[in-house]
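Here's the structure, in structure tokens; my notes come after.
Bear in mind these aren't lab numbers, they're just calculated from the coordinates by the rules spelled out. Just so it is clear, the model here is predicted, and its values are computed rather than measured. Note that we place each Cβ from the backbone using ideal geometry, even for glycine, and neighbour counts take in every protein chain shown.
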Amino acid sequence: MQGEICNEYKRRVLSIQSHVVSGYVGNKAAVFPLQLLGFDVDIINSVNFSNHTGYPNGWEGSVMDGGTLLKMVEGLERNGLLISDFPEGEETYCGNGGVGARIGRIGNILTGYIGSESFLHSVVTVVQKLKSLNPHCRYVCDPVLGDRGKFYVPQELVDIYKNEADVITPNQFEIEQLTGIDIKSIEDAKNACRILHNLGVSLVLITSIILPDTENEVSVDKSIVEEYGDGTKATPPRNSIGMFVSRRRTQQIDSNQSTQQKSFDGESEQHYCEEEQYVLYTPKLPGFFTGTGDVCAALCLGWTAELNEHIVDQDGLSLGTFLEKLAGTMHAIVQRTAQNAMNKQSRYPDESSGEEMSRKVSSFELKLIQSRDDILQPPRSFRAVKLQ
Amino acid sequence: MEGEICNEYKRRVLSIQSHVVSGYVGNKAAVFPLQLLGFDVDIINSVDFSNHTGYPNGWEGSVMDGDTLLKMVDGLERNGLLLSDFPEGEEEFCGKDGDGARIGRIGNVLTGYIGSESFLHSVVTVVQKLKALNPKCRYVCDPVLGDRGKFYVPPELVDIYKKEVLPLADVITPNQFEIEQLTGIDIQTIADAQNACRILHNLGVSLVLITSIIFPGTEINDPIDNTMVEKPGDGTEATPPPNSIGMFVSRRRTQQKTMCQTMQQQNIDSEQEQHCCEEEQYVLYTPKLPGFFTGTGDVCAALCLGWTAELNDHVVDDGLSLGDFLEKLAGESR
């Protein structure tokens, strides 16, 4: 019971994302999966639109500015909604040293698309406030900058993301922008992640990588992986997209002598670090799906919330298992969406017609609700490969 | 497959309610249950607050006005988001005579607390529009006026509900105070509850769920249908246990007279000689729990929508009777 109360913060998320009346992007995409996974989600809608901005006939609605974001959080604070509720006297059990101060009850923050520098600065202020209320609070940041070579937001925002996040879920374009590394191989992906780890990001999930079409040789951990070809190479299959996850755990040097130790720089001599990476390939599906990154970041938050302290959690949940669950569920959602879109749009020859364009865009809205069983029981369709 | 596509409108809801950042009232209370039950919910947040208004240190945020509501719906309309998507040529399977018009894809509208006349008028406009696009669109209305003798909203809204909203509503989920305001009937007995519901049925409301009734502390003798209910006491009386709250549901189904041969026929008034009506009511008692819970009405209305969405045409649907519905609802509400 005390354990439950002390850990309540782990099951609460503050999600600051867009709201659309119809369709599944932003909070509409992120919140339902998190609620299904048992999280209380405090929802701040950074914009309030009728539909996402990819529709041919525009949208209606309004945008929240940085000042209003801070006011909303202040409203929560005034009413004690940022702080835990454990009974008086329980503080010592929850590790508070009997000081009696209540700790922050929001254990996770999730952000996605942010369209202005002013709003981003306010987000940072909120993150810093919640972390000061509870040092265990994790900031899961989907650094939405753009995709396939085009920016959604001003380039000045790029630096801000790197410094605050605990978990970051960039796509290939975004991590290339954040690190300056052009990813042509798995090795490049590792190095890009390492740059972010050195800034303090514990977990990096590259949500989609398209590697050049030649064989990429990577060394794999034979004890964990089924043999691919001759057992030491992991070749991206043709027409596939890679997902890549990298985690660094840092611990003080006098605890746990028996785990592998690597020092990364002189400042870390009091600590040692442990890194692990996994890669996984899924088939490319035809079509352009809006909102998948938002679902992905939410599932990443949800399934890594308990990962913090262990490489292999009691339930056998390793980082590789996490990646397999994520890929399986995302693929199921996208496939269901693609199937539905195909059933409906076999006859849209005239895309210049506004109505036909609208139908096409709306037919690709994620079948998120219909995929709830896939979120609760992720299909294990793909195998993650651990890297050496 | 065609059946699935033709019936997609039944699994989509437009929910127009409050949003709070933290806590569970309004859309925060209603949407998740509906999504769990497999509904796509289009969400219009009528207010955007940090927390509900019962907190001691106020709230932050803003309120949507009636014009903005209409604009948001207009944005959906422009982008074809009010219309179904079935493939060209499927319309005849969906009962459209092949004329190719796409029907409305929102099969349910849900509203709760509404704080101003202007917003309520805009809600009426939106419901009318969606029903014009799809005559099967159901309006599930939680007529939030107040509770236990006190108004939460300006009392002027009562007339607007009676004159403009109720005639559009297919399902209504008032508490005892609200149905008393809407019908003028003071509910002291089950028979009073039946009569109050009948007034609403006569306005066109198919299903009335009175979410909580507190009867005077005396025994209520009530004839019940022996074939349906386990026998408490001597089998012909249903007595509210002490310290309990009643939930009451009443449904009227109206069909053209030619369809009525096998069903029990009751003419309710002479205007309906072309139709016959079938009514059924259930009552259920749950223990009163201590405390004051905000948001329960919103969850209740959402579950009511979700579990009655398939009830429309059959008294017993896959074994789901109106009584089963009430039992599920009461069980979940605890």
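Here are the numbers:
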quantity: Residue-span extension gain [B:ASP186 to B:GLU278] - 0.36 nm each, minus C-alpha spacing; calculated: 30.6 nm
quantity: Label point distance in nm, B:LYS71-B:ASP159, each placed 7 Å from Cα along Cα→Cβ; calculated: 3.0
quantity: Residue mean of other protein chain beta carbons inside 10 Å, B:65-77; calculated: 4
quantity: Environment charge at B:VAL127 (Cβ cut-off 11 Å; Lys +1, Arg +1, Asp -1, Glu -1); calculated: +1
quantity: Neighbour cut-off at most 12 other Cβ (10 Å), DSSP loop, GluC sites (Glu not before Pro), the range A:13-89; calculated: A:GLU88
quantity: Calculated FRET value between A:SER132 and B:ILE199, using beta carbons and R₀ = 60 Å, to 0.05; calculated: 0.55
quantity: Simple spin-label estimate for A:ASN343 and B:THR53 in nanometres, 7 Å along Cα-Cβ; calculated: 4.3
quantity: Shielding by other protein chains, A:365-376, mean Cβ within 10 Å; calculated: 2
